[in-house]
Amino acid sequence: MNFDLPEELVALKAATARFAKEEIAPKAQDWDREEGYPDDMIGQLGEQGYLGILVPEEFEGAGGSYMAFAIILEELARHDGGLALAVEAHNGLCCQHILLGNTEVACFLAEHDAAGHFNTM
């Protein structure tokens, strides 16, 4: 069996690791110390497509796989477990339930989101 990651997932892992190291790592301890929530970082996570990694492209998501999702969570959690959990909850508890329950709602949200993307809800 070959357990090597496909090239596109290796690239995703590298890009996510770079993003987390540059944007999250320098600030994570301050967020914890201040007991704050980094609202501005949530927007950046959405811009990267991480908040809609499992959302199909037809709803303005990234259309990624669960393997891609796991890689993103792992790389984010290296520097801030809370942000990784926020990404997981948004994809798993929010987006997936909307998609499973009502595609008309998903279409509405994709069309009416302030940023123009389902993945930044």
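For the reader, a short list of remarks on this structure follows.
- Additional length obtainable on full extension of the chain from residue 74 to residue 97, 0.36 nm per residue less Cα span: 6.0 nm
- Proxy reagent accessibility, fewest Cβ within 10 Å first, across 40, 32: 40, 32
- Residue 89-residue 35 pseudo-label distance in nm [points 7 Å out on the Cα-to-Cβ vector]: 1.7 nm
- Ordering 14, 59, 24 by the projection of their Cα atoms onto the charge dipole of segment 1-66, which places +1 on the Cβ of Lys and Arg and -1 on the Cβ of Asp and Glu, puts 14 at the extreme positive end.
Just so you know, all these numbers are worked out from the coordinates, no wet-lab data involved. These figures come from a predicted structure and were not determined experimentally. No Cβ is skipped: glycine too gets one built from the backbone with ideal geometry, and neighbour counts run over all protein chains shown.
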